[in-house]
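Here the structure comes first, spelled out in C-alpha cells, and everything after it is commentary.
We did not get these values from a lab; they are worked out from the coordinates using the rules stated. Computed from a predicted structure; not experimentally measured. Cβ: placed from backbone, ideal geometry, glycine included. Neighbour counts: every protein chain shown.
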Amino acid sequence: MFKINVNLQSHNTFGLSCNAKKYASFGSVNELKNLLQENETVKDELLLLGGGSNILLTKDFDGLVLKNQLMGIEVVAEDDNYKYVKANAGELWHDFVLYAIKNNLGGIENLSLIPGSVGAAPMQNIGAYGAEIKDVFLELEALHIATGKTQTFNHSACEFGYRESVFKRELKGQYVILSMTLKLTKKHAINTSYGAINKALESMNITSPTIKNVSDAVISIRQSKLPDPKKIGNSGSFFKNPVISTEKFKTLQKEFPTIANYPIDANQVKLAAGWLIDNAGWKGKRIGNYGVHENQALVLVNYGGATGSDIFNLSQDILDSIKDIYGIDLEREVNII
Ligand SMILES: Cc1cc2nc3c(=O)[nH]c(=O)nc-3n(C[C@H](O)[C@H](O)[C@H](O)COP(=O)(O)OP(=O)(O)OC[C@H]3O[C@@H](n4cnc5c(N)ncnc54)[C@H](O)[C@@H]3O)c2cc1C
C-alpha cells in the first residue's frame with residue numbers, strides 16, 4: 001500500500017525536507033513485484049531508497065519512493081579459503097560488516113561504518129581506506145523493473161569502476177538490487193596500506209592486527225574525521241577524486257607544487273578533490289545554513305533548514321571554480337534527484 005505525500009527528511013542524511021507524492025516500503029520480493037505491478041497503470045517515476053546517504057533531493061519527488069527493507073544474511077557456500085555470504089539489499093551495510101567480523105570473515109573490515117544499505121553498496125562500488133566492494137564481490141541479484149524478471153549479475157557484468165558501476169550508468173533506474181553475495185576470507189589478508197590505519201593501530205599498541213582491530217581503527221578514524229549526519233546533514237564525499245593525464249599533472253604541479261597526487265600508472269594520476277577544493281579557498285565556507293565542512297573540503301553540509309537546490313548551487317559554484325583555477329572538471333559522487 002502507498003502512503004501519500006510523505007516527508008522524506010528522516011530518509012536522507014542531508015536532512016532535506018522534501019515530499020514524495022507516494023511512498024511504500026517492501027519487505028519481500030513479492031511485495032515489490034505487487035507494488036511495481038500497481039504502478040504499471042499510472043507509470044509514476046520511481047526512486048529506490050536505501051539509507052538515503054548518497055542522494056541530494058533538490059525538489060519534491062513527483063513519483064513513487066520505494067524503500068527497500070529486504071532483510072537477511074546467510075552463508076550460501078564454503079570452501080577451504082572462503083565463505084560465500086549473501087546479504088539482502090535492505091540490511092544496513094555496517095551491520096553486514098559487524099556480522100562478518102563476529103564470524104571471523106575477512107575482506108570488508110576496511111569498509112566499516114560506511115552508512116547506507118547493502119543494496120546501494122555495489123551501485124557505486126563503495127570504497128574506503130584502501131578497499132572497495134569489487135575486491136570481495138561475487139554476484140548480485142536484481143529485479144528488472146520493466147519485465148519483473150530476476151537476473152544474476154557477476155563481477156564483470158557489474159562493470160565496477162571508481163565509485164561507479166553499470167547500475168549508476170547504462171542501467172541506471174532499470175533494476176532493483178535484491179541481494180549481494182560476497183566472497184569473504186577465512187585466512188585473512190590484513191590491508192593496512194592506508195597510512196592512517198597504521199597510525200591508529202600504533203596508537204592502540206597493536207602490532208599484529210586482527211580484522212576486528214582494523215575495523216576498530218577504521219571506525220575511530222572515521223568518527224574523528226567525518227561529520228555525523230545525525231548532527232550535521234551531509235552525504236559524505238560530495239565529489240569524486242579526478243583522474244588526469246600525467247602530462248597535465250606535471251604542468252599543474254609547476255603552478256601548485258604541494259598538490260596532493262596519487263600516480264595510477266605511467267599515464268594517469270589521481271588527484272585529491274579535497275585538496276583542490278581546500279586550496280581554492282572553499283573549506284569551511286558557510287553561506288547561511290549550508291556550506292563546506294570546516295575540516296573536510298569534500299563534504300557539503302546542511303546546518304539545518306537548507307534546501308537541496310541551495311546545496312546543488314553551491315556544488316555548481318565549486319565545480320566552476322575548480323574548472324577556472326585548475327582546468328579540471330570535477331564530478332559529483334552524490335546522486336542528484
Ligand atoms: C557520513 C558519510 C560517509 C560516507 N562515506 C563513504 C565512503 O567512505 N565510501 C563510499 O563509497 N561512500 C560513502 N558514503 C556514501 C554512502 O554511504 C554510500 O554511497 C552508500 O552505499 C549509500 O547507501 P544508501 O542505502 O544510503 O543509498 P541511497 O542514498 O538510498 O541510494 C543511493 C543510490 O542508489 C540507488 N539505490 C539504492 N538502493 C538500491 C537498490 N536496492 N537497487 C537499485 N538502486 C538502489 C538509489 O536510487 C540512489 O540512486 C558516505 C555517506 C555519508 C553520509
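Put in order of Cβ neighbour count within 10 Å, fewest first, the listed residues TYR162, TYR23 become TYR162, TYR23. The simple Förster model, with R0 at 35 Å and r as the Cβ-Cβ distance, assigns ASN289 and ILE190 a FRET efficiency of 0.25. If you plug the beta carbon distance of ASN103 and HIS155 into 1/(1 + (r/R0)^6) with R0 = 35 Å, you get a FRET efficiency near 0.95.
Between THR147 and PHE256, the modelled labels are 4.7 nm apart [label points 7 Å from Cα along Cα→Cβ]. Highest mobility in the GNM of the chain, judged by mean-square fluctuation with C-alpha springs under 10 Å and restricted to ASN191, ASN81, ASN289, is found for ASN81. The ranking of THR207, THR185 by Cβ neighbour count inside 10 Å, starting from the fewest, reads THR207, THR185.
Starting from the Cα of SER25, move 7 Å in the Cα-to-Cβ direction to define the label point; list residues of region 44-63 whose amide nitrogen is under 14 Å from there. Backbone N within reach: 49-52.
GLY90 sits among other residues whose Cβ lies under 12 Å from its own Cβ, and their net charge, with Lys and Arg +1 and Asp and Glu -1, is -2.
Taking the fewest neighbouring Cβ atoms within 10 Å as the starting point, the ordered list for VAL65, VAL166, VAL334 is VAL166, VAL334, VAL65. Rounded to 0.05, the FRET efficiency of the GLN223 and ILE4 pair, given R0 = 45 Å and the Cβ-Cβ distance, is 0.70. Scoring 294-303, 139-148 by mean Cβ neighbours within 10 Å over their residues and listing the highest first yields 294-303, 139-148. Choose one answer from LYS250, LYS21, LYS212: the residue with the largest mean-square fluctuation in a GNM of the chain with alpha-carbon springs under 10 Å. Evaluated over the chain, the most mobile residue of the options is LYS250.
Highest mobility in the GNM of the chain, judged by mean-square fluctuation with C-alpha springs under 10 Å and restricted to GLY27, GLY15, GLY107, is found for GLY27.
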